[in-house]
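Here is the structure we will look at, set down as structure tokens.
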Amino acid sequence: MDRNAEHYIDQDEPLYRPLYQTGKGFYITAGILVLVIIWAAYMYFNQIRYGLAVTGMNQPVTWGFYIVNFVFFIGISHAGTLISAILRLSKAEWRRPITRMAEVITAIVLAIGGLHPIIDLGRPDRMLNLFESGRLQSPLLWDVTSITAYFTASTVYLYIPMIPDIAKVRDRGGKLQWLYAFMAWGYQGTEHQKKVLNRAINILMVMVIPIAVSVHTVISYIFSMTLQPGWHSTIFGPYFVVGAIFSGIAALLIVMIAFRKAYHLERYLREIHFQYLATLLLIMSIIWFYFTFSEYLTGAFGAEPHEMQIIMYKFTGPFAVFFWGMVLCNFVIPVILLSFKRFKTIGGILIASCAVVVGMWLERLIIVVPSLANPRMDIPFGIYIPTVTEWALFAGGIAVFILGYMVFSKFFPIISIWEIEEGRTEGLKEVEERIHSYLPAQTNP
Amino acid sequence: MPKWAMVIDLDKCTGCGACMAACNMENNVAIVAPKEAQEGHVMFWMDMITSYEGEYPNIEVKRMPKPCYHCDDPPCIKVCPVGATFRNEEGLVGQVYMRCIGCRYCMAACPFTAKVYNWGEPQWIDGATTCFNPDVSRRMVGVVEKCSFCAHRLIKVKEDADQEERAIRDGEYVPACMENCPADAIYFGDIEDRQSMVHKLSRNYRAFRVMEDLGVEPKLYYLSKRKA
């Protein structure tokens, strides 16, 4: 088999390696994660048995960690598809090793985030009422609709550009032949197939952007459609979308750094990729600050008593630690670390990204809880202290994400091999031609 | 079509809490254990809001009974994803316990914090299980519930009136809280009927509604000289 022999000396061999070689570290990590997931599942089972009394939610703080994490996880999911679609659309050549990693984040995190409202339900057994007697006037139904659309679009958008790689893995032989043969849909890389594939990708990437934007806008509508002070804000839609992209880029950077280390992908994920993404993160940090500033200034300047009560609850009250922690994590740390060349190393970027992920989680927390804890009626403040159950399910969600990502990387190349090859063969030429077309037209002497 | 409304005279109210007790008994509201209550899992369809004004020793205590306000434009029904909360043509806002999925969105949307949630399986004290009100269904864990203006009493009143082929008289439909108020501070009736007590009182100079500026049109009027 000449064709196979050719593949074996492929220069992208390191990208196939994780599919065939699994180290001890993988099994140990997976084991720990499975334990965490079992723990979370047990706690959820308890919650079903005893009702939501096992959580820290109460009257009037009727929403807690589950809704916070729902907004948070769906926010992270914007990393993927949106970033990869925008980079593909803008023909950013440096996207090639990043897109697949980003899209996988979306698919996994979206599944986890989408489950959170169900975890939050008092009667998950009646979930199908949403379809049987759903009211499309309710913002929650908008959510169900847009998240389903986004999940469908982003999994298809993950799968379609993966077909050539699946075909490559199929051609190499080895394990799970039938699976790869089935998933590759008989892709042989003919001119026609390439054309169809590229067209499908082009259509999807244009479609996926408005869907992604709609998802987080609609999630913000859950809050902003109510009359509650601190929630009833017109800025919430774009504010949430910006926050989502912001946390998404940070999560993508963390994943990239982790996999670069674990699978020795230094040749593919180079310094420049991190630099570019970090610049994007810096820009998003500044835009995020602009939105936050506008949101709180309008509230505080108008000083409507109920609004003011919540703002003071966040500025100086019980939530001051979280509020100022959020400002520190989302603005101060990333801006300092990413503005100076000296700190903008892989280590610095990792710290900034971790800070942003924590900060964005805090942002979700200080949006959900204070408004509920300070109702308009003159009743005592609500206090919300999450219980072990809620922490367990939070840990479980993160564990499912990491495990899902790890398992994915064992079955499919985590970096798009055919796109890298395309970059070598066609990208170089194309970019040169493109730059020529930007330059002033040559005049004949 | 009548439109049922309530008036509570805060100048008469002594803040004794008899309305709360009567409501719990009438509507089979689960009584939670002290530990649960401490965690904020207590349920009152008729709540009592207590606020303090001034500084020691000149403290003024305000007590304000708070049932569901049965808004004419209720924020809770707008957000319900499954239509488990509704407003009927007589203006009563109700809850369908068998359809509620327990997402608690209505509770988050209610500006008056009027709804309560069954955080755990209701636990009944000895004896309570033998004297449930047979007219009111018991609720299961994980659903939202709230004051119904004792809608089950309206059914009886309607049956009586139908049998005698007459309209419902003013003061015939009486919720449990009103019946048990020792100070006679609660009034209830058809606010569209110009002859009714409730209509007259709602036009009183002392009458006000809570947060009228929200535009949700609560159908509960308070009477007070000092405006809560």
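The values are calculated or read from the model by the stated rules, or taken from the named source; none is laboratory data. The structure presented is a predicted model; accordingly, all values stated were derived computationally and were not measured. We place every Cβ from the backbone using ideal geometry, glycine too, and count neighbours over all the protein chains shown.
List of remarks:
- Odd one out for residue A:192, checked against (1) assigned to a helix (DSSP H, G or I); (2) closer than 23 Å to residue A:17 by Cα: (2)
- The conditions of being of a type in the set (Phe, Trp, Tyr) and more than 21 Å from residue A:411 (Cβ to Cβ) are met by residue A:223.
- Among (1) buried (at least 19 other Cβ atoms within 10 Å of the Cβ); (2) not in a helix (DSSP H, G or I), the one test that residue A:317 misses: (1)
- Scanning the range A:194-208 for any residue that is touching a Ser or Thr at 6+ places or on another chain (Cβ under 6 Å) and not hydroxyl-bearing (Ser, Thr, Tyr) turns up at least one such residue.
- Residue list for the range B:171-219, restricted to those being of a type in the set (Phe, Trp, Tyr), within 30 Å of residue B:106 (Cβ to Cβ) and assigned to a loop (DSSP other than H, G, I, E, B): B:173
- The numbered conditions (1) in contact with a Lys or Arg (Cβ under 8 Å, 6 or more places away or on another chain); (2) closer than 22 Å to residue B:6 by Cα; (3) more than 10 Å from chain A (Cβ to nearest Cβ); (4) surrounded by fewer than 18 Cβ atoms within 10 Å (Cβ to Cβ) are all true for residue B:63 except (1).
- Matching entry among B:151, B:128 (being more than 10 Å from chain A (Cβ to nearest Cβ), within 21 Å of residue B:21 (Cβ to Cβ), modelled with pLDDT under 90 and surrounded by 14 or more Cβ atoms within 10 Å (Cβ to Cβ)): B:128
- Selected residue (only one of A:388, A:369, A:431 is over 27 Å from residue A:23 (Cβ atoms), modelled with pLDDT under 90 and among the hydrophobic types (A, V, I, L, M, F, W, C)): A:431
- The listed residue being touching a Lys or Arg at 6+ places or on another chain (Cβ under 6 Å) and under 25 Å from residue B:61 (Cβ atoms), out of B:207, B:183: B:183
- With respect to the stated conditions, residue B:191 is aliphatic (A, V, I, L, M), farther than 16 Å from residue B:66 by Cβ, touching a helix residue (DSSP H, G or I) at 6+ places or on another chain (Cβ under 6 Å) and in contact (Cβ under 8 Å) with a residue 40 or more places away in the chain.
- Of all the residues in the range A:70-96, those that are of a type in the set (A, V, I, L, M, F, W, C) and in a loop (DSSP other than H, G, I, E, B) number 2.
- Per this entry, residue A:364 is counted among residues that are assigned to a helix (DSSP H, G or I), closer than 30 Å to residue A:276 by Cβ and of a type in the set (Lys, Arg).
- Failed item in (1) closer than 20 Å to residue A:260 by Cβ; (2) at pLDDT below 90; (3) within 12 Å of the chain's Cα centre (by Cα); (4) among the aliphatic types (A, V, I, L, M), with residue A:87 passing the rest: (3)
- Residues that are more than 7 Å from chain B (Cβ to nearest Cβ) and free of Cβ contacts under 8 Å to residues at least 24 places away in the same chain were ranked within the range A:116-140; the one that is surrounded by the most Cβ atoms within 10 Å (Cβ to Cβ) is A:118.
- Between B:161, B:108, the distinction of being surrounded by 20 or more Cβ atoms within 10 Å (Cβ to Cβ), out of contact with any strand residue (DSSP E or B) (no Cβ under 7 Å at 6 or more places or on another chain), small (Gly, Ala, Ser) and part of a helix (DSSP H, G or I) belongs to B:108 only.
- From the list B:93, B:136, B:116, B:82, the lone residue that is surrounded by 22 or more Cβ atoms within 10 Å (Cβ to Cβ), touching a helix residue (DSSP H, G or I) at 6+ places or on another chain (Cβ under 6 Å) and within 30 Å of residue A:52 (Cβ to Cβ) is B:82.
- Checking residue B:121 against (1) within 11 Å of another protein chain (Cβ to nearest Cβ); (2) surrounded by 20 or more Cβ atoms within 10 Å (Cβ to Cβ), the condition it does not meet: (2)
- Residue in the range A:97-113 that is in a loop (DSSP other than H, G, I, E, B) and under 22 Å from residue A:401 (Cα atoms) present: yes
- The number of residues in the range B:46-60 being closer than 21 Å to residue B:12 by Cβ and either crowded, with 16+ Cβ neighbours inside 10 Å or among the acidic types (Asp, Glu) (or both) comes to 6.
- Which numbered condition residue B:41 misses (of (1) buried (at least 20 other Cβ atoms within 10 Å of the Cβ); (2) assigned to a strand (DSSP E or B); (3) at pLDDT below 90; (4) not aliphatic (A, V, I, L, M)): (2)
Quick grid of which residues meet (1) within 14 Å of chain B (Cβ to nearest Cβ); (2) under 18 Å from residue A:369 (Cα atoms):
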position: A:37; (1), (2): no, no
position: A:47; (1), (2): yes, no
position: A:71; (1), (2): yes, yes
position: A:79; (1), (2): no, no
position: A:83; (1), (2): no, no
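- Boolean, residue B:222 is within 30 Å of residue A:304 (Cα to Cα), hydroxyl-bearing (Ser, Thr, Tyr) and within 14 Å of chain A (Cβ to nearest Cβ): yes
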